[in-house]
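The values are calculated or read from the model by the stated rules, or taken from the named source; none is laboratory data. Not measured: the values here are computed from a predicted model. Neighbour counts run over all protein chains shown; Cβ positions are idealised from the backbone, glycine included.
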Amino acid sequence: MKMNSFFNYLETLHRDYADVADGAVASYIPELLKADPAWLGIAVVTVDGHVYQVGDSQQEFTIQSISKIITYGMALEDNGTEDVLKKVDVEPSGEAFNSISLEPGTGRPRNPMINAGAIATVSLLAEATPAARLKRMLDVYKRYLGHEVAIDDSVYQSEKETGHRNRAIGYMLRNYEIIEKETDEVLDLYFKQCSILVNCRDLALIGATLANNGVNPITGVRALKGQFVPHVLGVMGSCGMYDYSGAWIYNVGMPAKSGVGGGVVAVLPGQLGIAVFSPRLDDRGNSFRGVEICKRISKDFGLHLFYSSQTTISTVLHSRYDTSTVRSKRNRNQEQTRLLSELGKQVKVFKLAGDLMFTGFRKTVWNF
Ligand code: GLN
């Protein structure tokens, strides 16, 4: 791979995929058809706040299903994992995003990344009124993105008018008492959250915030409590790309989420967020070029989570001693000297440099 900088790399990547025309812009929400099929944006944001972006990275589009990860995080904060799990499971459904995949008997949606699970998740937000729930949601987006967000009213209206299947799912969930609020209000907020406007840089920043344990790396503002980040990334890893999730984690190896607006965001925990915007979708409703470009970046930089390029075990520990053998030059009285020779063995000193991972910890501190 030849490149002078990461920006050049992204420019080359953009050029390589600019003419790829596979897939089709979503049409089941009529308003989405207005997207220019040629749009292609790529953005990467690192946990130390560097932003790299090329192509149509400033072009706004509706976030669609990527909103599901934000709302899921909010529901976890409001209810804790146990109560959320009672309402929405975390098993991949292996089915399309709009499947009515509910657990037989309980009516619990399979996971929060398909529409059924996402609609149920919206109903779990703690605020008492629809207006308060929307306000909090927009505030949370502001935390992730560092700026106010708007709702695309025509996309919202378009989905509201044509979203009969989602309405059917909502009422089914109400029937099983998975939804315990006013169903139409829940659906309305779901349609609104799908119509929130973002650009490719925003998406990469959402990714970087999740990679950074829930703290926006540019503003330093916390968007999601750290304890819930692994759960959000967990369902993204197993369910974020719908019925392509298995092949995705196999090939790309990063938790990710796509939306029918053409966005895809992938997260490498502790390192970066990657986003691609390209509105032509494959048969599963994932951005065609989004998938291909993420595959390429992952391969080119060895970003697959289950690929570990090095181990730091041997280099972390520089020396180890106890204070009965090695002492500082400080003058001590007799009593202190006696105590040190008697108990000094219990004071262990480890000189370490680098990241102390589990194995390093085991070898140095537990010494086996
Ligand atoms: N608003 C869309 C829907 O409910 C979201 C689907 C998606 O992005 N996959 O159908």
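Scanning region 136-160 for residues that are outside any helix (DSSP H, G or I) and in contact with a Ser or Thr (Cβ under 7 Å, 6 or more places away or on another chain) gives Gly146, Ile151, Asp152.
Restricting attention to region 71-108, the residues that are over 20 Å from the mean Cα position of the chain (by Cα), surrounded by 14 or more Cβ atoms within 10 Å (Cβ to Cβ) and at pLDDT 95 or above total 2.
If we scan region 107-116, do we find a residue that is more than 16 Å from the ligand (Cβ to nearest atom) and in contact with a strand residue (DSSP E or B) (Cβ under 9 Å, 6 or more places away or on another chain)? Give the steps one after another, and end with the answer.
Just the residues of region 107-116 that are more than 16 Å from the ligand (Cβ to nearest atom), to begin with: 107-108.
Now narrow it down to the ones that are in contact with a strand residue (DSSP E or B) (Cβ under 9 Å, 6 or more places away or on another chain): 108.
For region 107-116, residues more than 16 Å from the ligand (Cβ to nearest atom) and in contact with a strand residue (DSSP E or B) (Cβ under 9 Å, 6 or more places away or on another chain): present.
I'd like to know if region 320-329 contains one or more residues that are in contact with a strand residue (DSSP E or B) (Cβ under 8 Å, 6 or more places away or on another chain) and among the acidic types (Asp, Glu). Yes, region 320-329 has at least one match.
Residues are listed down the side, and each one gets a yes or a no for (1) aromatic (Phe, Trp, Tyr); (2) within 14 Å of the ligand (Cβ to nearest atom); (3) surrounded by fewer than 18 Cβ atoms within 10 Å (Cβ to Cβ); (4) over 15 Å from the mean Cα position of the chain (by Cα):
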| residue | (1), (2), (3), (4) |
| --- | --- |
| Asn166 | no, yes, no, yes |
| Lys192 | no, yes, no, yes |
| Gly226 | no, no, yes, no |
| Tyr242 | yes, yes, no, no |
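Would you check if Tyr9 is within 16 Å of the ligand (Cβ to nearest atom), within 24 Å of the chain's Cα centre (by Cα), in a helix (DSSP H, G or I) and not aliphatic (A, V, I, L, M)? Give the derivation first.
Numbers: within 16 Å of the ligand (Cβ to nearest atom): no; within 24 Å of the chain's Cα centre (by Cα): yes; in a helix (DSSP H, G or I): yes; not aliphatic (A, V, I, L, M): yes.
Criteria not met by Tyr9.
Note on region 215-332: enclosed strands (runs of 3 or more DSSP E) holding 1 or more residues that are without any contact (Cβ under 8 Å) to a residue 60 or more places away in the chain and among the aliphatic types (A, V, I, L, M) are 256-258, 263-268, 317-322. Does region 32-54 include one or more residues that are away from the ligand (no atom under 16 Å from the Cβ), over 26 Å from Arg222 (Cα atoms) and charged (D, E, K, R)? Yes; the residues of region 32-54 include at least one that is away from the ligand (no atom under 16 Å from the Cβ), over 26 Å from Arg222 (Cα atoms) and charged (D, E, K, R).
Look at (1) farther than 25 Å from Ala18 by Cβ; (2) within 16 Å of the ligand (Cβ to nearest atom); (3) out of contact with any Phe, Trp or Tyr (no Cβ under 9 Å at 6 or more places or on another chain) and you find that Val235 fails only one, number (3).
Residues in region 27-47 that are outside any strand (DSSP E or B), more than 17 Å from Asn199 (Cβ to Cβ) and under 23 Å from the mean Cα position of the chain (by Cα): Val47 only. Among the residues of region 251-297, those that are away from the ligand (no atom under 16 Å from the Cβ), over 14 Å from the mean Cα position of the chain (by Cα) and surrounded by fewer than 21 Cβ atoms within 10 Å (Cβ to Cβ) comprise Asn251, Glu292, Lys295, Arg296. You will find that of Pro92, Pro130, Pro104, the residue that is within 16 Å of the ligand (Cβ to nearest atom) and not small (Gly, Ala, Ser) is Pro92 and no other. Pairing each residue of region 66-86 that is without any contact (Cβ under 8 Å) to a residue 60 or more places away in the chain and under 12 Å from Leu124 (Cα atoms) with any residue that is within 16 Å of the ligand (Cβ to nearest atom) and small (Gly, Ala, Ser), provided the two are 6+ apart or on different chains, yields no C-beta distance under 8 Å.
The residues in region 1-44 that are of a type in the set (D, E, K, R) and surrounded by 14 or more Cβ atoms within 10 Å (Cβ to Cβ) can be counted, and the count is 2. Select from region 342-368 the residues that are part of a helix (DSSP H, G or I) and modelled with pLDDT of 85 or more and write down the one among them that is surrounded by the most Cβ atoms within 10 Å (Cβ to Cβ). The residue in question is Gly344.
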